[in-house]
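Just below is one structure, and these are the notes that go with it.
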2 protein chains.
Amino acid sequence: MLASKTVTELLEAFASPTPTPGGGSAAALSGAVAASLLVMVAAMPKTKNGTPEDRAALDEALPKLQALQKRLTELIDEDAASYDGVVAAYKLPKGTDEEKAARKRAVQAAMRHATDVPLETFRAALALIPPGRVVAEHGNPNAKSDASVAISMAMTAAGAANANVEINLDSTGDAAFAGETRLALKAELVEAARLLAPISAALGWKGHEPPRS
Amino acid sequence: MLASKTVTELLEAFASPTPTPGGGSAAALSGAVAASLLVMVAAMPKTKNGTPEDRAALDEALPKLQALQKRLTELIDEDAASYDGVVAAYKLPKGTDEEKAARKRAVQAAMRHATDVPLETFRAALALIPPGRVVAEHGNPNAKSDASVAISMAMTAAGAANANVEINLDSTGDAAFAGETRLALKAELVEAARLLAPISAALGWKGHEPPRS
C-alpha cells in the first residue's frame with residue numbers, strides 16, 4: 001500500500017526506474033493534497049465574514065471534500081495496481097496464435113482498467129472545484145494562499161490524470177469508447193474551468209497565480 | 001518530521017484546521033514528486049533513441065534531479081517550521097510599548113524566514129525545468145506521460161511557492177526586499193516558461209495538457 005508508506009518512501013518509489021508508481025499515482029496524490037488543504041480551510045472556525053451563511057456553506061462543502069480526499073487517496077494505490085495489471089498482461093506467453101489472441105484480449109482489458117482509474121481521478125479532482133469555490137468565497141481569508149494552492153493542485157491533478165487517460169485510451173481496442181471519452185473529458189474540463197473566474201475573483205489572483213485550464 | 005509520516009498521516013495533517021502544514025509544504029511536496037518522477041525516467045535503461053548521446057545527457061541530468069528531490073523533500077518540513085515561527089512570534093506579549101516593539105521585530109524576522117523558505121522552494125521547483133527538458137528530449141518515450149505530469153507538477157509547485165512568497169512578503173517590513181523579490185520572481189518564471197515550448201514539442205502536448213506558466 002503506497003498510502004501507508006512514509007512520504008520519503010513514496011518519493012523513493014516514484015523515483016525508482018520501475019513503471020509504477022508513476023504519473024497516474026502522482027495525479028491522485030496531487031488531488032488528495034488539494035482536497036486536504038480545502039478540508040483544512042473549510043473546517044477552520046474563522047470564516048470570511050463570520051456570518052451564519054459562511055458557516056452553513058462551508059459545513060455543506062466539508063463532507064464532500066472529505067469524501068473526495070478519501071477517494072483520491074485510494075486512487076494513488078489503484079492507479080499503480082491497474083498499471084501493474086498492464087505490465088502482467090504484456091508478460092503473457094505469445095508462442096501460438098491462440099496465446100497471441102488471449103494476450104491481446106488481456107492487454108486490452110488491462111488497458112481499459114488502466115484508463116478507467118485515471119478517468120475517476122480526473123473526475124474526482126474536478127469535483128473539488130465547486131466545493132473549492134465555496135471555500136474560496138466563504139473561507140478564512142488568512143488561508144487564501146492555502147485555498148489557491150489547493151485549486152491549482154486540483155487542476156494539475158485533473159490535467160495529469162487526463163494525460164494518463166489519453167496515453168492508454170488508444171490501447172483499449174475500443175475506438176467508440178476512446179472517442180466518447182475524449183469528448184466527455186474536454187467538456188468536463190471546460191465546465192470546471194468556467195468556475196475558475198469566480199474563484200480567481202474571490203482569492204484575488206493577479207495573473208500568473210491562477211492554475212492552468 | 002512530516003517526511004517520515006505515512007502519506008495518510010501527512011494528508012490528515014494537511015486537512016487538520018491548524019495553520020501548518022499548509023500550502024507552502026504542499027508546494028514543496030509537489031516539487032519533490034515532480035523531481036522523483038523525472039529521476040525515474042532519467043534512470044530508466046531505455047532512452048529515446050538508444051544512443052550514447054541520450055544516455056550521456058540523462059546521466060548528467062540525474063544527479064541534479066536527485067539533489068533537487070532531496071532538497072524539496074526537506075523543504076516540506078522547513079516550510080511548516082518557518083510558519084510555526086510566525087505563529088509563535090504573534091503570540092509574544094504586547095502589554096507594554098517595549099513588548100509591542102519587540103513583538104513587531106520578531107514577527108518581521110519570522111515573516112522574512114517564512115518568505116525565504118518558499119522562495120527556495122520556488123527556485124528549486126524551477127531548477128527542475130532545464131533537466132526536465134533533457135528528460136523530455138532524451139528519455140524513454142513510453143514514460144512520456146510521467147515526464148508530462150512531472151513538468152506540470154514542477155510548474156504548479158513554483159506557482160504555489162510564489163503565492164506563499166507573495167502573501168508573506170509585505171509582512172517582512174522590508175519594502176526594498178519585497179520589491180526586488182517580486183521583480184526577480186517574475187523574471188525567473190518567464191525564463192523557465194521559455195523552456196516549456198521545446199518541452200511541449202518533445203512530449204507532444206496538444207493544447208490543454210501543458211502546464212500553466
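Each value in this text was obtained by applying a stated rule to the coordinates, not by laboratory testing. All values reported here derive from a predicted model rather than from experimental measurement. In this analysis, Cβ positions are derived from the backbone assuming ideal geometry, glycine residues included, and neighbour counts consider all displayed protein chains.
Laid out as a table, the results:
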item	result
Residues satisfying the stated conditions in segment A:37-88, i.e. surrounded by fewer than 18 Cβ atoms within 10 Å (Cβ to Cβ) and of a type in the set (S, T, Y)	A:T51
Residue that is part of a helix (DSSP H, G or I), touching a residue at least 40 places away in the same chain (Cβ under 8 Å) and closer than 19 Å to B:I167 by Cβ, where the choices are B:R123, B:R71	B:R123
Single residue of segment B:168-191 satisfying the filter (of a type outside the set (S, T, N, Q) and crowded, with 21+ Cβ neighbours inside 10 Å) that is nearest to the other protein chains (Cβ to nearest Cβ)	B:L185
Output for segment A:14-30, where each listed residue is at the interface with chain B (Cβ under 8 Å from one of its Cβ atoms) and among the hydrophobic types (A, V, I, L, M, F, W, C)	A:F14, A:A15, A:A26, A:A27, A:L29
Meets criteria (farther than 22 Å from A:A150 by Cα, within 9 Å of another protein chain (Cβ to nearest Cβ), without any contact (Cβ under 8 Å) to a residue 60 or more places away in the chain and not aromatic (F, W, Y)) for B:S4	yes
Residue in segment A:31-43 that is more than 7 Å from chain B (Cβ to nearest Cβ), out of contact with any Leu (no Cβ under 6 Å at 6 or more places or on another chain) and over 21 Å from B:S152 (Cβ atoms) present	yes
Candidates B:A158, B:A143, B:A136 - the one that is touching a residue at least 40 places away in the same chain (Cβ under 8 Å) and under 11 Å from the mean Cα position of the chain (by Cα)	B:A158
Residues satisfying the stated conditions in segment B:24-41, i.e. of a type outside the set (V, I, T), under 13 Å from B:A136 (Cα atoms) and either outside any helix (DSSP H, G or I) or in contact with an Asp or Glu (Cβ under 7 Å, 6 or more places away or on another chain) (or both)	B:L37, B:M40
Residue satisfying all of: in segment A:44-68; among the charged types (D, E, K, R) and touching a Pro at 6+ places or on another chain (Cβ under 7 Å); farthest from the other protein chains (Cβ to nearest Cβ) among these	A:K48
Residues of segment A:161-176 that turn out to be part of a helix (DSSP H, G or I) and either under 30 Å from A:P45 (Cβ atoms) or in contact (Cβ under 8 Å) with a residue 24 or more places away in the chain (or both), as a count	9
